[in-house]
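The values are calculated or read from the model by the stated rules, or taken from the named source; none is laboratory data. Since the model is a prediction, treat every value here as computed from it, not as a measurement. A quick note on method: Cβ atoms are made from the backbone with ideal geometry, for glycine too, and the neighbour counts reach across all protein chains shown. Accessible surface areas use protein heavy atoms only, side chains included; no ligands, DNA or RNA. Shrake-Rupley method; radii C 1.70, N 1.55, O 1.52, S 1.80 Å.
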Amino acid sequence: MRLNVITLFPQMVSDALSYGVIGRAIKQGVIELVLFNPRDYAQNKHNTIDDKPFGGGAGMVMMHDPLFRTWQDIKNKGESGPLVFMSPQGQKVTQKLCNDWSELPALTLLCGRYEGIDQRFLDGYVDEEISLGDYVISGGELAACVLIDAVARQIKGVLGAEESAKTDSFMTSMLAPPQYTRSELLGQSGVPDVLLSGNHKAIAEWKSQQALTVTKQKRPDLIAGTSGD
Ligand SMILES: C[S@@+](CC[C@H](N)C(=O)[O-])C[C@H]1O[C@@H](n2cnc3c(N)ncnc32)[C@H](O)[C@@H]1O
């Protein structure tokens with residue numbers, strides 16, 4: 001999958017995605033991360049990409065023209081997929097959305113900065129607005145990285161068999177069951193006997209029972225189907 005990111009801080013995105021399973025997938029070419037800086041498309045002496053808002057008000061606004069040229073270039077260079085604006089005003093990211101988008105050949109994420117982006121660019125070219133949640137952060141980069149990580153985990157070849165996403169929380173209407181591992185300080189004390197039994201059928205039953213218990217305790221809305229996701 002090709003992931004284009006339009007950002008004034010490309011290093012922030014490439015650094016954040018350089019770790020763990022996602023970093024490995026990028027290195028191995030399972031996902032292709034391509035960064036575009038609107039400043040490279042500014043076409044003026046000072047590479048200006050922002051200006052004061054018409055009508056006054058605090059802060060600066062990202063200008064239409066550099067973003068327009070960036071988007072044209074992305075489309076000319078190959079697969080662009082839908083253009084997604086990371087925005088507090090958008091639909092919230094859900095596991096279902098990430099699963100669905102992991103099937104796409106490409107996706108382009110637009111990271112806002114300052115007070116936001118000239119509405120004419122958003123109206124003209126953005127296909128979807130996607131939010132991390134009902135709060136405002138200083139730029140779209142962290143939101144884009146969260147979305148990329150959650151989408152990329154679902155792409156075949158990104159997680160090894162030992163890191164399967166199938167049993168993760170939200171892949172069904174259940175949260176994941178608790179996990180235990182070796183401790184020199186605690187020994188096997190507190191570990192449910194069934195997990196040490198070697199009985200795979202009993203272990204699988206225990207895990208689904210625990211997933212149900214944990215979900216009832218922490219997120220009963222998921223079982224009732226009222227989470228709104
Ligand atoms: C300081 S915010 C601008 C917020 C804008 N003035 C508003 O109130 O809707 C700058 C950029 O950060 C990103 N951003 C902020 N909060 C976000 C959120 N909850 N989810 C996704 N992106 C967000 C957006 O790209 C936004 O354009």
Exercise. Does residue 221 satisfy being without any contact (Cβ under 8 Å) to a residue 60 or more places away in the chain and of a type in the set (D, E, K, R)?
Worked result: yes
Problem set entry | Residue satisfying all of: in region 207-221; surrounded by 16 or more Cβ atoms within 10 Å (Cβ to Cβ) and among the β-branched types (Val, Ile, Thr); nearest to residue 180 (Cα to Cα) among these | 214
Problem set entry | Matching residues, region 83-120, being surrounded by fewer than 15 Cβ atoms within 10 Å (Cβ to Cβ) and within 16 Å of the ligand (Cβ to nearest atom) | 89, 91, 92, 115, 119, 120
For this session: Using the structure shown, decide if residue 188 is more than 20 Å from residue 95 (Cβ to Cβ), of a type outside the set (A, V, I, L, M) and open to solvent by 90 Å² or more (accessible area, probe 1.4 Å).
Result: yes
Seminar exercise, completed: Condition set crowded, with 21+ Cβ neighbours inside 10 Å and in contact with a Leu (Cβ under 8 Å, 6 or more places away or on another chain), scope region 151-162, selection nearest to residue 100 (Cα to Cα): answer is 151
Problem set entry | Which listed residue is within 14 Å of the ligand (Cβ to nearest atom), open to solvent by 10 Å² or more (accessible area, probe 1.4 Å) and in contact with a helix residue (DSSP H, G or I) (Cβ under 8 Å, 6 or more places away or on another chain), from 148, 137 | 137
Seminar exercise, completed: Condition set surrounded by fewer than 19 Cβ atoms within 10 Å (Cβ to Cβ) and outside any loop (DSSP other than H, G, I, E, B), scope region 121-130, selection nearest to the ligand (Cβ to nearest atom): answer is 129
For this session: Examine region 49-59 for a residue that is open to solvent by less than 70 Å² (accessible area, probe 1.4 Å), of a type in the set (A, V, I, L, M, F, W, C) and not in a helix (DSSP H, G or I), and state whether such a residue exists.
Result: yes
